[in-house]
There are 2 protein chains.
Amino acid sequence: MKKESVYLGIDIGGTNTALGVADRNGQILIEGAFPTQKHKIVSQFITQLVDEIHALLDELNAQFSLAGIGVAAPMGNYFQGTIEGPVNLGWGEVAFVDMLKIHFDLPIAITNDGNAAALGEMKYGAAKGMQNLIVLTLGTGVGAGIVVNGELLYGEEGLAGELGHVIVRPGGRKCGCGRRGCLETYVSAPGMCRTAGILLAESTEKSRLAHVAQSELSARKIHEFANSGDAIANQTFEFTGAVLGEFMANLVISFNPEAIILFGGLTQAGNLLLIPAIKGYRANALNIYKKQVKILISKLNNSHSAILGACVLIENEISKKLQT
Amino acid sequence: MKKESVYLGIDIGGTNTALGVADRNGQILIEGAFPTQKHKIVSQFITQLVDEIHALLDELNAQFSLAGIGVAAPMGNYFQGTIEGPVNLGWGEVAFVDMLKIHFDLPIAITNDGNAAALGEMKYGAAKGMQNLIVLTLGTGVGAGIVVNGELLYGEEGLAGELGHVIVRPGGRKCGCGRRGCLETYVSAPGMCRTAGILLAESTEKSRLAHVAQSELSARKIHEFANSGDAIANQTFEFTGAVLGEFMANLVISFNPEAIILFGGLTQAGNLLLIPAIKGYRANALNIYKKQVKILISKLNNSHSAILGACVLIENEISKKLQT
């Protein structure tokens with residue numbers, strides 16, 4: 001009996017690494033997870049990852065055959081097969097695909113988390129059938145996957161779409177990258193905490209935010225306070241949405257996409273973020289586009305999306321090779 | 001004897017329309033021009049255009065055969081074959097390709113001037129052999145042609161790349177589009193005149209600019225004054241270059257191109273603009289790109305470039321159809 005091809009997707013995050021085996025319909029058959037952050041050295045991480053993969057494959061029903069491995073990681077470079085030293089992993093630049101190929105004689109590919117999210121949305125999510133779209137991942141930082149004519153936009157070195165570092169407020173907030181006014185200093189979980197701090201300082205209104213130290217604050221808490229009617233927490237979402245909306249107006253002028261899909265932790269606030277974002281978009285949109293761009297929140301499961309995107313990456317890669 | 005295929009390129013500008021017949025090597029064999037602006041009604045414009053084309057074709061040596069017509073126009077829409085009502089033409093939305101097809105039974109295509117410039121640069125200019133590049137046309141306004149994986153980025157409706165209207169200074173200068181802070185309110189000929197006016201007003205330095213009324217000022221005059229050592233005219237170029245450089249840093253983050261090619265009237269100032277632009281780029285560039293993006297001024301003849309780009313447009317179109 002011919003075995004059914006399945007794919008292994010690995011989602012490397014700053015805190016945890018999740019992995020799963022999916023079939024061609026995006027059904028996750030088995031999955032696992034382990035902490036990334038305890039591994040300060042990449043070779044130790046690889047050792048555990050290989051063990052976890054073998055444990056997972058041992059569980060795999062004999063009717064399935066693993067066809068390839070896809071990896072989603074911050075600063076994952078599709079062209080080079082590398083992870084290019086993102087701050088939150090602390091491994092420096094790593095030839096990740098080559099290191100994994102020592103252990104598995106299979107097609108392996110890597111891309112960054114924004115691109116993986118876009119691949120997942122195109123095959124299983126809100127972007128099915130779309131040729132031109134942008135996925136923005138809004139969490140601790142901002143990532144993006146940009147699709148032009150049905151293909152991911154990689155650019156010359158595979159480093160296109162680092163939209164979190166587009167300067168949206170020249171001379172604005174200091175960013176971890178050393179520059180000022182980057183999108184992710186405003187539209188991210190830490191950016192929202194900074195906004196809340198400023199709005200609280202500028203206001204005379206009573207707010208639950210006054211009882212939380214900066215180090216204890218989180219986007220989740222601001223969300224909770226906003227839901228309980230806290231005015232400054234609500235203003236924080238309004239400001240964040242306004243900056244996001246203005247940025248999306250610039251994206252539409254540049255790329256003329258069919259849709260912008262919002263993904264990641266910040267979108268758990270739903271309409272608290274989406275309504276001011278759409279308002280901000282409309283206030284800044286150039287008046288030449290007849291079709292209204294669709295601004296959507298992803299409906300894909302946050303924890304499965306990058307695994308599925310990584311599976312789509314390697315599935316596409318294998319089918320491209322079959323065609324040539 | 002088999003005739004050699006040649007192409008007619010038409011460059012519709014707000015002031016003048018230029019047309020020329022070019023061979024497959026970009027050699028312009030014959031050319032003509034007439035004023036656009038006297039025609040307030042598009043049908044009158046088409047009547048003169050058709051006459052001019054016939055006059056040109058009468059001169060064409062019998063060894064050549066016209067294979068198709070390409071058109072470059074502000075707000076020319078490749079997908080629709082339309083010119084979508086740019087302010088400086090005043091025709092409203094026009095089904096230009098269909099109107100021209102009544103007179104010529106040939107393949108005809110249209111695109112906007114930025115895209116035509118990019119096609120010209122890719123075949124004959126600084127972008128030969130490049131797959132990822134951006135051409136910025138800096139003149140009365142700002143246009144762009146963005147190339148991703150060797151193909152023009154059109155987006156969902158053919159309206160991608162209207163980069164002159166990217167908001168670079170939120171709440172900044174009022175733009176003709178009704179919004180504020182658009183790139184072209186800073187980095188364009190009128191934008192430079194506005195900058196000169198502000199710098200003059202803020203300064204106590206003596207300047208030749210003090211003797212020129214706003215309505216008489218031009219980028220050319222500022223260029224002339226800067227060359228003669230006028231401090232405020234020089235500061236005008238420094239400021240303009242700084243905004244352009246910062247914008248290019250955002251473009252590189254978004255598109256990761258191999259090169260950005262500057263084109264159009266403003267580039268006649270050469271290093272007066274280029275040096276502060278490169279300085280502004282470096283001050284704002286994200287530090288992850290190993291290959292330095294090339295920032296170049298086009299070497300194509302300004303008046304021939306759009307004609308050639310329009311010829312490349314229709315040549316590509318015909319060869320695509322032959323392949324399918």
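The values are calculated or read from the model by the stated rules, or taken from the named source; none is laboratory data. The model shown is predicted, which means the values in this text are computed figures rather than measured ones. Glycine gets a Cβ as well: all are built from the backbone with ideal geometry, and neighbour counts include every protein chain shown. Side chains included, ligands, DNA and RNA excluded: accessible areas come from the protein's heavy atoms. Shrake-Rupley method; radii C 1.70, N 1.55, O 1.52, S 1.80 Å.
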Q) When the Cα centres of segment A:102-124 and segment A:267-306 are compared, how far apart do they sit, in Å? A) 24
Q. Considering only segment B:128-297, what is the antiparallel percent among its DSSP beta bridges, to the nearest 5?
A. 55
Q | Translational D in µm²/s for segment A:183-291 (Stokes-Einstein at 20 °C, 1.002 mPa s, Kirkwood Rh from C-alpha pairs) | A | 149
Q: Using only atoms on other chains, find how many Cβ atoms lie within 10 Å of each Cβ of peptide A:277-289 and report the average.
A: 3
(Q) What's the total accessible area buried between chains A and B, using a 1.4 Å probe, rounded to the nearest 100 Å²? (A) 3600
Q | Contact order relative to length of chain A, as percent, for alpha carbon pairs under 8 angstrom and 6 or more apart | A | 19
**Q.** Cα-only radius of gyration and Dmax that characterise the protein assembly as shown, units Å
**A.** 26.9, 89
Q. For chain A, what is the percent of antiparallel DSSP beta bridges, rounded to the nearest 5?
A. 55
**Q.** Members of A:K174/A:K320; A:K40/A:K279; A:K123/A:K174; A:K101/B:K321; A:K320/B:K128 lying beyond 32 Å, as alpha-carbon distances in this model show
**A.** A:K174/A:K320; A:K40/A:K279; A:K123/A:K174; A:K101/B:K321
Q: Mind checking which of B:G125, B:I41, A:A213 is farthest towards the positive end of the protein assembly as shown's charge dipole, using Cβ charges of +1 (Lys, Arg) and -1 (Asp, Glu) about the Cα centre?
A: A:A213
Q.
Relative contact order of segment B:128-297, please, whole-number percent, based on alpha carbon pairs below 8 angstrom and at least 6 residues apart.
A. 23
Q: Would you mind giving the mean number of other chain beta-carbons within 10 Å of the Cβ of each residue in A:145-151, as a whole number?
A: 3
Q. Given a Förster distance of 35 angstrom, what is the FRET efficiency for B:E205 paired with A:A283, based on the Cβ-Cβ distance and rounded to 0.05?
A. 0.35
Q. Carbon and sulfur atoms: what percent of the 1.4 Å accessible area of chain A do they account for?
A. 50
Q.
Give me the 1.4 Å probe accessible area per residue for chain A, excluding ligands and nucleic acids, in Å².
A. 42
Q | HN-Hα J in Hz across segment A:30-36 - Karplus 6.51, -1.76, 1.60, θ = phi - 60°, x for Gly and Pro | A | 9, 8, x, 7, 7, x, 6
Q.
Please list, in order along segment B:131-148, the HN-Hα scalar couplings obtained from phi with the Karplus expression 6.51 cos²θ - 1.76 cosθ + 1.60 (θ = phi - 60°), rounded to whole Hz, x for Gly and Pro.
A. 10, 9, 7, 10, 9, 9, 9, 10, x, 4, x, 10, x, 8, x, 10, 10, 10
Q) Counting partner chain Cβ atoms within 10 Å of every residue's Cβ in A:112-124, what's the average? A) 0
Q: Please report how far the C-alpha centroid of segment B:11-28 lies from that of segment A:1-65, rounded to the nearest whole angstrom.
A: 58
Q: In whole Hz, with x marking every Gly and Pro, tabulate ³J(HN,Hα) for segment A:9-20 from phi via Karplus 6.51 cos²θ - 1.76 cosθ + 1.60, θ = phi - 60°.
A: x, 10, 10, 8, x, x, 9, 10, 10, 10, 9, x
Q. Dividing the Cα radius of gyration by the Kirkwood radius, what Rg/Rh value follows for chain B?
A. 0.99
Q: Calculate, for B:A55 and B:R169, the FRET efficiency according to 1/(1 + (r/R0)^6) with r their C-beta to C-beta distance and R0 35 Å; round to the nearest 0.05.
A: 0.15
**Q.** Mean ellipticity per residue at 222 nm, deg cm²/dmol - from DSSP H runs of n ≥ 4 across chain B, formula -39500 (n - 2.57)
**A.** -12000 deg cm²/dmol
(Q) Give me the tail of P(r) for segment B:211-270 as a percent: Cα-Cα pairs with distance above 14 Å. (A) 64
Q) What order do you get for B:152-162, A:174-184 when each peptide is scored by the mean count of other beta carbon atoms within 10 Å, highest first? A) B:152-162, A:174-184
Q: Using only the Cα atoms of segment A:1-138, construct the convex hull and provide its projected area averaged over every direction, in square nanometres to one decimal.
A: 8.9
Q. Roughly how many debye, to the nearest 20, is the charge dipole of segment A:128-297 about its Cα centre, given +1 on each Lys and Arg Cβ, -1 on each Asp and Glu Cβ, and no other charges?
A. 280
Q) For segment B:102-221, what is one quarter of the convex hull surface built on the Cα atoms, given in nm²? A) 11.5
Q) So for the protein assembly as shown: antiparallel DSSP bridges make up what percent, rounded to the nearest 5? A) 55
Q) To the nearest 10 square angstrom, how much accessible area does A:V94 have with a 1.4 angstrom probe? A) 10
